[in-house]
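Scroll down for the structure; my scribbles are underneath it.
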Amino acid sequence: MNRQELNNFIEKEKEKLAEKGSKAQIRVCCGAGCLSSGAEELMNSLKEEIKAGNIDAEIIPTGCMGPCNQGPLVKFDPGNTIYQKLETGDVAPLLNSHLLEKTPVTEKLLFADSRENPSLNADEDPYFKKQLRIALKDCGHLDPEKIEDYLLLNGYQALDKALFAMAPEDVISEIKQSRLRGRGGAGYPTGLKWESVYRYVNDQKYVICNGDEGDPGAFMDRSLLEGNPHRILEGMALAAYAIGASKGFAYIRGEYPLAIKRFETAIKQARKLGLLGKNILGSEFHFDVEVRIGAGAFVCGEETALIASIEGKKGNPRPRPPYPAEAGLWGKPTLINNVETYAAIAPIINNGGEWYSEIGTAKSAGTKVFALAGKINNAGLIEVPMGTTLREVVYDIGGGIQGGGKFKAAQTGGPSGGCIPEEHLDVKMDYESLVNLGSIMGSGGLIVMDESSDMVDVARYFMEFCMDESCGKCVPCRVGTKMMHDLLQKICQDNATRIDLERLEELAEYVKETSLCGLGSSAPNPLLSTLRHFREEYENRVRETSPKHNVVD
């Protein structure tokens, strides 16, 4: 389709939507979390009950709505009322009460029933009220397998604007003005990265979407790919137009079959409507995307290892320079951003870089998606402005500690991050503030721990993960993570001495400074941060000297 044909297509879809009138819409969360809780069976039961009762309502399967541990989730519109932890036996009374009697069934089924007065309008609950959804906007609202739903919500309008009203330099300028930083963990300015790839002249350039999300407890990228895949595709197309690329690859973990399925469906739909392929929307811009499936190696989240994997080689990192911007995939200039970064691009082009830059803090603009997990009442997916405090995330949005327990620490940044203790609950969640506490933003994993957590064992767990995931290419990481893990294991078993603890600290600094890639250089972070904030837990488990052996005459 050219530009006019697409506009005609959208107008017809708007007419179909208008014909539905005020029909009730029942949205069923079909993200991976809710599906594992029985959402598909629940949706089938809803369809059967609606058909049998001749109820004037439409069932819409959606992506992740947010509060994953409360699933299956069902949202009724108009009214934005969310019901949680539903079973098939709840369907008939729920439909009768909400649609016919216009009253909620019971407070027990309303979202956030742990609050004193759960609201009928979910947006009034602090879980949603304190969020600002930009990357996650429309996740949990549209059907991720229908491009029509995305188009009706201004989907691909940013691409249209860029192709017919902006030069590539203008797009890059808006991204630079937005102050968007890469959401994959390093936080490098996105506009500067795009500009560096744009400046290299070559017959072929590539755009890569890094969907190799490997941090324990992290599910941000998976949920975005499952819940609004066209938003990611549009972001990749805008990036390709800006830097002069004609080919893109989405590298997605094999453990994410639903994300892969929905993203591949989105690619096919976009091609059919002329939003991918040759002469997009009738312009001179050509761009297409393929999916590459990762085998689950954590190190392939590092960009040079990811590139090697796409090329069919072993996913090992290589020294830099040259950087991928100069010599990346098959030696060509290559742009790599993660899923969440691409999800922010279309809103920036539609609303302007200045709009985005005014959200957040002076050095960390925009919003950040976090995967809340651990000992917290409302675990799930959230998006907040940069600078929101950890206390607000844990107690206002997250609803506090499970069972009324006491907060002990929050792990940010996964195996590359660190633990933040209670005394720093009011820390602002931005790049600089977290680094000052010995942690990092990372990709957005946030694991909440209560007083039952053993911080030495937490460090041992993450070190074991890094040890197992090390590619083995460089000695500091291959040998160092093993030695650190063994020393941590020794401390956990109460068999270590003070000399072992000193050796552990010395080794951590060595591995941090000399490893080839980010996996090794950040592997000591959980250890160093727990030593910094919870040193007494280490001190209490080491002896001054090794026990003397009894000598038998």
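The values are calculated or read from the model by the stated rules, or taken from the named source; none is laboratory data. Computed from a predicted model, the values in this text were never measured in an experiment. So basically every Cβ, Gly included, is an ideal-geometry build from the backbone, and we count neighbours across all protein chains shown.
Would you confirm, using the coordinates I've provided, whether Ser521 is outside the structural domain of Gly413 (by TED's automatic domain parsing) and crowded, with 19+ Cβ neighbours inside 10 Å?
Numbers: outside the structural domain of Gly413 (by TED's automatic domain parsing): yes; crowded, with 19+ Cβ neighbours inside 10 Å: no.
For Ser521, the condition - outside the structural domain of Gly413 (by TED's automatic domain parsing) and crowded, with 19+ Cβ neighbours inside 10 Å - is not met.
Let me spell it out: the conditions are (1) under 15 Å from the mean Cα position of the chain (by Cα); (2) assigned to a loop (DSSP other than H, G, I, E, B); (3) of a type in the set (A, V, I, L, M, F, W, C), and Ala362 meets all of them except one. Which number is the exception?
Checking Ala362 against (1) under 15 Å from the mean Cα position of the chain (by Cα); (2) assigned to a loop (DSSP other than H, G, I, E, B); (3) of a type in the set (A, V, I, L, M, F, W, C), the one that fails is (1).
Applying the selection to the stretch 265-289, what residues are assigned to a helix (DSSP H, G or I) and buried (at least 16 other Cβ atoms within 10 Å of the Cβ)? Before the answer, list the steps.
Step one: of the stretch 265-289, the residues assigned to a helix (DSSP H, G or I) are 265-272.
Those that are assigned to a helix (DSSP H, G or I) and buried (at least 16 other Cβ atoms within 10 Å of the Cβ): Thr265, Ala266, Ile267, Gln269, Ala270.
So, Ala158, is that one free of Cβ contacts under 8 Å to residues at least 40 places away in the same chain and over 30 Å from Lys85 (Cβ atoms) or not?
Here the answer is no, as Ala158 does not meet what is asked.
Which residue is surrounded by the most Cβ atoms within 10 Å (Cβ to Cβ), if the candidates are limited to the stretch 102-116 and must be outside any helix (DSSP H, G or I) and at pLDDT 80 or above?
First, pick out the residues of the stretch 102-116 that are outside any helix (DSSP H, G or I): 102-106, 110-116.
The next check asks that each one be at pLDDT 80 or above; those that pass are 110-111.
Working: Leu110: 20, Phe111: 26.
Restricting to residues being outside any helix (DSSP H, G or I) and at pLDDT 80 or above, the top hit is Phe111.
Is it the case, given these coordinates, that Asp215 is more than 20 Å from the chain's Cα centre (by Cα) and either at positive phi or in a loop (DSSP other than H, G, I, E, B) (or both)?
Values: more than 20 Å from the chain's Cα centre (by Cα): no; either at positive phi or in a loop (DSSP other than H, G, I, E, B) (or both): yes.
When the stated conditions are applied, Asp215 does not pass them.
For the stretch 78-99, state whether one or more residues are basic (Lys, Arg) and either surrounded by 22 or more Cβ atoms within 10 Å (Cβ to Cβ) or touching a strand residue (DSSP E or B) at 6+ places or on another chain (Cβ under 6 Å) (or both).
First pass over the stretch 78-99, keeping only residues basic (Lys, Arg): 85.
Within this subset, residues satisfying the condition of being either surrounded by 22 or more Cβ atoms within 10 Å (Cβ to Cβ) or touching a strand residue (DSSP E or B) at 6+ places or on another chain (Cβ under 6 Å) (or both) are none.
No, there is no match, as no residue in the stretch 78-99 is basic (Lys, Arg) and either surrounded by 22 or more Cβ atoms within 10 Å (Cβ to Cβ) or touching a strand residue (DSSP E or B) at 6+ places or on another chain (Cβ under 6 Å) (or both).
Tell me which residues, restricted to the stretch 421-430, are in a helix (DSSP H, G or I) and buried (at least 17 other Cβ atoms within 10 Å of the Cβ).
Pass one, the stretch 421-430, residues in a helix (DSSP H, G or I): 422-424.
Passing the criteria: only His424.
Identify, from the list Ile447, Ile440, the residue that is assigned to a strand (DSSP E or B), touching a residue at least 60 places away in the same chain (Cβ under 8 Å) and within 15 Å of Ser529 (Cα to Cα). First the steps, then the outcome.
Numbers: Ile440 fails: assigned to a strand (DSSP E or B).
One residue alone meets the criteria, Ile447.
Can you say whether Ser223 is assigned to a helix (DSSP H, G or I), farther than 26 Å from Asp149 by Cα and out of contact with any helix residue (DSSP H, G or I) (no Cβ under 6 Å at 6 or more places or on another chain), as far as the supplied structure shows?
On the way: assigned to a helix (DSSP H, G or I): yes; farther than 26 Å from Asp149 by Cα: no; out of contact with any helix residue (DSSP H, G or I) (no Cβ under 6 Å at 6 or more places or on another chain): yes.
So Ser223 does not fit the description; no.
Based on this model, can you work out whether Lys176 counts as assigned to a helix (DSSP H, G or I), surrounded by fewer than 16 Cβ atoms within 10 Å (Cβ to Cβ) and among the basic types (Lys, Arg)? It would help to see each step written out before you state the result.
On the way: assigned to a helix (DSSP H, G or I): yes; surrounded by fewer than 16 Cβ atoms within 10 Å (Cβ to Cβ): no; among the basic types (Lys, Arg): yes.
So Lys176 does not fit the description; no.
Is it the case that the stretch 143-157 has a residue that's under 16 Å from Tyr356 (Cα atoms) and surrounded by 21 or more Cβ atoms within 10 Å (Cβ to Cβ)?
no
Checking the conditions here, which among Ile10, Ile55, Ile50, Ile26 is more than 22 Å from Gln131 (Cα to Cα), touching a helix residue (DSSP H, G or I) at 6+ places or on another chain (Cβ under 9 Å), in a loop (DSSP other than H, G, I, E, B) and hydrophobic (A, V, I, L, M, F, W, C)? Working first, answer last.
Working: Ile10 fails: in a loop (DSSP other than H, G, I, E, B); Ile50 fails: in a loop (DSSP other than H, G, I, E, B); Ile26 fails: in a loop (DSSP other than H, G, I, E, B).
Of Ile10, Ile55, Ile50, Ile26, the one residue that is more than 22 Å from Gln131 (Cα to Cα), touching a helix residue (DSSP H, G or I) at 6+ places or on another chain (Cβ under 9 Å), in a loop (DSSP other than H, G, I, E, B) and hydrophobic (A, V, I, L, M, F, W, C) is Ile55.
Going through the stretch 302-360 one residue at a time, which ones are closer than 17 Å to Tyr188 by Cβ and hydroxyl-bearing (Ser, Thr, Tyr)?
Thr304, Tyr323, Thr334, Thr341, Tyr342, Tyr356, Ser357, listed by residue number.
Does the stretch 405-429 hold any residues that are in contact with a strand residue (DSSP E or B) (Cβ under 7 Å, 6 or more places away or on another chain) and polar (S, T, N, Q), and which are they?
Gln411, Thr412 - these are the residues of the stretch 405-429 that are in contact with a strand residue (DSSP E or B) (Cβ under 7 Å, 6 or more places away or on another chain) and polar (S, T, N, Q).
For the stretch 303-342, name all the residues that are crowded, with 22+ Cβ neighbours inside 10 Å, among the small types (Gly, Ala, Ser) and out of contact with any strand residue (DSSP E or B) (no Cβ under 6 Å at 6 or more places or on another chain).
Hits for the stretch 303-342 are Ala305, Gly315, Ala325.
Does Leu516 meet the test of being surrounded by 19 or more Cβ atoms within 10 Å (Cβ to Cβ) and either without any contact (Cβ under 8 Å) to a residue 60 or more places away in the chain or in the same structural domain as Asn316 (by TED's automatic domain parsing) (or both)? Please lay out each step first, then the result.
Values: surrounded by 19 or more Cβ atoms within 10 Å (Cβ to Cβ): yes; either without any contact (Cβ under 8 Å) to a residue 60 or more places away in the chain or in the same structural domain as Asn316 (by TED's automatic domain parsing) (or both): no.
No.
Being outside the structural domain of Thr62 (by TED's automatic domain parsing) and free of Cβ contacts under 8 Å to residues at least 12 places away in the same chain narrows it down to one residue among Arg199, Arg222; which is it?
Working: Arg222 fails: free of Cβ contacts under 8 Å to residues at least 12 places away in the same chain.
After applying the criteria, what remains is Arg199.
Tally time: how many residues in the stretch 11-58 are of a type in the set (A, V, I, L, M), surrounded by fewer than 17 Cβ atoms within 10 Å (Cβ to Cβ) and within 22 Å of Asn228 (Cβ to Cβ)?
Number of matching residues: 1.
For the stretch 313-333, give me each residue that is among the charged types (D, E, K, R) and either within 27 Å of the chain's Cα centre (by Cα) or farther than 19 Å from Lys247 by Cα (or both). Even if it seems obvious, please write down each step before you answer.
First, pick out the residues of the stretch 313-333 that are among the charged types (D, E, K, R): 313-314, 318, 320, 326, 332.
Matches in the stretch 313-333: Lys313, Lys314, Arg318, Arg320.
Name the residues in the stretch 290-304 that are touching a residue at least 60 places away in the same chain (Cβ under 8 Å) and either in contact with a Cys (Cβ under 7 Å, 6 or more places away or on another chain) or part of a strand (DSSP E or B) (or both), would you? Break it down stepwise before answering.
As a first pass, look at the stretch 290-304 and keep what is touching a residue at least 60 places away in the same chain (Cβ under 8 Å): 294, 296-304.
Scanning the stretch 290-304 gives Gly294, Val299, Glu302.
I'd like the residue in the stretch 243-261 that is under 11 Å from Gly211 (Cβ atoms) and touching a Phe, Trp or Tyr at 6+ places or on another chain (Cβ under 8 Å) and, out of all such residues, is surrounded by the most Cβ atoms within 10 Å (Cβ to Cβ).
Residue satisfying both the conditions and the ranking: Ala250.
Could you list, in sequence order, the residues of the stretch 152-187 that are at pLDDT 95 or above, under 26 Å from Gly518 (Cβ atoms) and not aliphatic (A, V, I, L, M)?
Within the stretch 152-187, Lys176, Ser178, Arg179, Arg181 qualify.
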